Amino acid sequence: LSGGNSESRGALVVLEGLDRSGKTSQSSRLLSYLEGLGHSAELWRFPDRSTDVGQMISSYLSNKSQLDDHMIHLLFSANRWEKRSLMETKLKTGTTLIVDRYSYSGVAFSSAKGLGVEWCKAPEVGLLSPDLILYLDIQPEKATERGGYGGERYEQLEFQKKVSQCYQVLHDASWKIVDACQPMKDIEKQLQELVLECVMTCQKGKPPAN
Ligand code: T5A
Ligand code: NA
């Protein structure tokens with residue numbers, strides 16, 4: 001990200017959490033909030049199912065195809081790599097990106113299957129580092145109660161418990177952990193504060209992490 005007009009740099013904000021933790025709901029609320037304040041912002045998500053790689057991922061998630069665990073891990077990563085340069089351009093030109101899942105989902109979900117954490121992290125090296133990571137914290141049992149598990153591959157309580165443990169290993173002190181069991185409005189308020197502070201800091205020219 002270096003070399004751009006640092007004074008108008010957009011922020012890279014990532015939302016992470018278990019399935020049904022509320023990422024998509026909160027991401028779109030954040031987008032409206034930033035746009036309402038006159039900031040340039042876009043909502044992105046991974047997997048991005050619109051690309052060729054994304055369609056292979058989507059087919060795997062809906063159990064229409066079988067793939068080796070390593071193979072699907074690399075496809076998820078490739079799906080981020082194919083978006084990297086556009087992501088960089090957006091950020092450099094002052095657009096904030098609210099991203100629904102990123103590399104941490106990649107590592108948490110694959111290591112929950114038993115793949116080594118270091119192996120899982122390797123293909124993510126060189127992707128852009130987020131300015132802010134928001135973790136929507138929910139117990140797997142509570143997430144299941146929200147219902148609507150659509151039958152996608154990972155939407156099972158026992159597996160989500162393992163993913164939850166893997167996220168615990170991954171996160172560091174820089175992550176902002178938000179209780180995802182509060183009313184949506186309360187979560188929204190907390191996220192707004194965190195994101196606005198981050199956006200303002202990036203605008204002032206804080207150097208990017210990567
Ligand atoms: N994956 C992903 C990998 O394995 N590797 C990778 O590299 C990546 C990027 C993708 C799957 O792929 C895996 C992870 C996933 O298993 P997805 O398309 O991102 O899946 O789908 P999910 O993240 O699972 O999306 P969900 O739709 O399940 O969950 P969200 O977005 O977290 O939740 P949301 O906002 O849709 O809300 C779910 C329900 O809960 C309610 C909502 O109204 C909705 O009904 N809700 C609340 N109810 C009460 N209180 C609140 N505070 C609530 N917030 C939301
Ligand atoms: Na979602």
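Among the residues of the range 28-42, the ones that are buried (at least 16 other Cβ atoms within 10 Å of the Cβ) and under 12 Å from Thr96 (Cβ atoms) come to 6 in all.
For the range 152-173, taking the residues that are assigned to a helix (DSSP H, G or I) and among the polar types (S, T, N, Q), the one that is farthest from Lys113 (Cα to Cα) is identified as Gln168. Only one of the numbered conditions (1) within 16 Å of ligand 2 (Cβ to nearest atom); (2) closer than 26 Å to Lys176 by Cα; (3) part of a loop (DSSP other than H, G, I, E, B) is not met by Trp44, and that is (3). The combined condition, being surrounded by fewer than 20 Cβ atoms within 10 Å (Cβ to Cβ) and closer than 23 Å to Gln165 by Cβ, is fulfilled by Lys113. Among the residues in the range 134-144, are any assigned to a helix (DSSP H, G or I), free of Cβ contacts under 8 Å to residues at least 24 places away in the same chain, over 26 Å from Glu188 (Cα atoms) and not small (Gly, Ala, Ser)? No, that holds for no residue. Cβ-Cβ distances below 8 Å connect the following pairs, each with a first residue in the range 25-51 that is within 15 Å of Ser8 (Cα to Cα), a second residue that is surrounded by fewer than 16 Cβ atoms within 10 Å (Cβ to Cβ), and a separation of six or more residues or different chains: Ala41/Glu35.
Among the candidates Asp52, Asp48, the residue that is exposed (fewer than 12 other Cβ atoms within 10 Å of the Cβ) and either over 18 Å from the mean Cα position of the chain (by Cα) or not β-branched (Val, Ile, Thr) (or both) is uniquely Asp52.
The selection criterion, being among the β-branched types (Val, Ile, Thr), away from ligand 2 (no atom under 16 Å from the Cβ), farther than 18 Å from Val125 by Cα and not in a strand (DSSP E or B), holds for Val53. So is Gly148 over 30 Å from Ser40 (Cβ atoms), among the small types (Gly, Ala, Ser) and either modelled with pLDDT under 95 or crowded, with 17+ Cβ neighbours inside 10 Å (or both) or not? It is true that Gly148 is over 30 Å from Ser40 (Cβ atoms), among the small types (Gly, Ala, Ser) and either modelled with pLDDT under 95 or crowded, with 17+ Cβ neighbours inside 10 Å (or both). Residues that are over 23 Å from Thr89 (Cβ atoms) and part of a strand (DSSP E or B) were ranked within the range 5-41; the one that is nearest to ligand 2 (Cβ to nearest atom) is Gly17.
The values are calculated or read from the model by the stated rules, or taken from the named source; none is laboratory data. Note that the coordinates shown come from a computational prediction; the quantities given were computed from them, not determined experimentally. Heads up, the Cβs are rebuilt from the backbone with ideal geometry, glycines too, and the neighbour counts pull from every protein chain shown.
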